[in-house]
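**Q** Starting off with a structure, shown below.
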Amino acid sequence: MREVDLLQAATKTLREGYTSRRQVLRMLPAGLGALLLSASDVPAADEHQPRAIATPRAPGAPKPAPPRHGGAPDQHGRAALSRPVFTLREYRRAVPGPAFPRDAVALTIDDGPHPVWTPKILRLLAHHHVPATFCMIGNQVLGHEATARDVVRDGHQVANHTWSHPTHLARKHGAKVSKEIERAQDKIYSTTGHTPAVFRSPGGDWSSTVLGAAANAGMVPLDWSDDPRDWSRPGTAAIRRRLLAARPGQILLCHDGGGDRSQTYAALKTVVPALKARGYRFIALDGRR
Ligand SMILES: [Zn+2]
């Protein structure tokens with residue numbers, strides 16, 4: 001097979017989501033990988049379009065290490081992606097495993113643990129037998145350790161959402177980004193015994209530096225595809241309407257921390273059973289359901 005044919009076949013395989021980028025790279029002769037990556041960075045037409053990736057460096061900041069797009073992982077990390085994961089399909093491309101059910105949606109809950117809202121949401125999810133992914137802030141785990149452990153005890157997945165939830169993480173230099181990630185990872189692990197395999201940047205603020213730091217820490221960068229903007233307290237009805245617009249394969253964003261989450265909680269009380277009644281299956285990214 002000519003090189004150009006090999007490259008086209010590999011690009012098609014990647015776009016159709018049958019296998020991971022890393023697996024496809026192993027199929028190719030040396031030297032074709034970089035060509036494939038530049039070709040496959042163009043998203044398929046039906047994929048969610050990501051926000052622009054911010055310029056990774058602030059003026060005067062040290063030059064970060066170049067991102068390792070799809071290359072072999074180092075001893076502790078995984079291959080860096082060129083952009084975060086927005087949908088379940090994209091997640092499955094990044095992390096090979098059994099296909100998610102066609103009617104699956106993933107609920108992600110950010111900024112906790114919170115002593116009031118996290119237990120309420122945990123009771124709600126338990127009542128409906130629904131798993132979720134809790135993106136925890138390290139300095140919120142501090143002081144709320146029992147609540148963090150309750151999340152794991154109830155069978156939910158835990159993700160890393162930095163130590164201090166800095167705004168504009170993508171503008172920080174590499175050492176600062178890595179420290180935010182590693183400090184949170186250490187606190188979550190020492191508290192819950194669970195090592196997060198997923199990282200969410202605060203506000204979905206990504207850069208090649210952030211993507212590389214997540215990869216070095218062994219985590220998949222996770223964004224979302226349905227955002228009710230519940231953090232801005234737009235009213236329970238607005239949150240409910242936006243969440244009810246979810247389609248299978250989407251990653252939903254909600255918050256249990258960062259302030260009064262009564263609107264989020266009230267919306268979830270009706271949205272979770274409504275989506276279940278529609279036939280949707282809530283899953284966690286690690287396959288819990
Ligand atoms: Zn957040």
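**Q** Being in contact (Cβ under 8 Å) with a residue 40 or more places away in the chain and of a type in the set (A, V, I, L, M): is that true of Val141 here?
**A** Spelling it out, Val141 is indeed in contact (Cβ under 8 Å) with a residue 40 or more places away in the chain and of a type in the set (A, V, I, L, M).
**Q** For segment 104-117, enumerate the residues that are away from the ligand (no atom under 14 Å from the Cβ) and of a type in the set (Val, Ile, Thr).
**A** Result: Val105, Val116.
**Q** On the basis of being surrounded by 14 or more Cβ atoms within 10 Å (Cβ to Cβ), in the same structural domain as Asp111 (by TED's automatic domain parsing) and within 16 Å of the ligand (Cβ to nearest atom), does Asp260 make the cut?
**A** No.
A quick yes/no check of all residues on (1) in a strand (DSSP E or B); (2) of a type in the set (Val, Ile, Thr):
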| position | (1), (2) |
| --- | --- |
| Gly97 | no, no |
| Val105 | yes, yes |
| Lys120 | no, no |
| Phe134 | yes, no |
| Arg149 | no, no |
| Val152 | no, yes |
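**Q** Being within 16 Å of the ligand (Cβ to nearest atom), farther than 17 Å from Gly112 by Cβ and part of a loop (DSSP other than H, G, I, E, B) is the requirement here; does Trp224 meet it?
**A** No.
**Q** Sticking with this structure for a sec: Those residues that are within 16 Å of the ligand (Cβ to nearest atom) and either out of contact with any Asp or Glu (no Cβ under 6 Å at 6 or more places or on another chain) or of a type in the set (Val, Ile, Thr) (or both), I need them from segment 188-205; list them, please.
**A** Once the filter is applied, which keeps residues that are within 16 Å of the ligand (Cβ to nearest atom) and either out of contact with any Asp or Glu (no Cβ under 6 Å at 6 or more places or on another chain) or of a type in the set (Val, Ile, Thr) (or both), segment 188-205 yields Ile188, Pro196, Val198, Phe199, Arg200, Ser201, Pro202, Gly203, Asp205.
**Q** Further, regarding this structure: Based on what the data block shows, is Ser225 in contact (Cβ under 8 Å) with a residue 60 or more places away in the chain and of a type in the set (Ser, Thr, Tyr)?
**A** yes
**Q** Here's another thing I want to ask about it. How many residues are within 16 Å of the ligand (Cβ to nearest atom), outside any helix (DSSP H, G or I) and surrounded by 16 or more Cβ atoms within 10 Å (Cβ to Cβ) if we restrict to segment 165-186?
**A** 3
The values are calculated or read from the model by the stated rules, or taken from the named source; none is laboratory data. Note that the structure is predicted; figures quoted are calculated from it, not measured. Methodologically, a virtual Cβ is constructed for each residue, glycine included, from the backbone with ideal geometry; neighbour enumeration extends over all protein chains shown.
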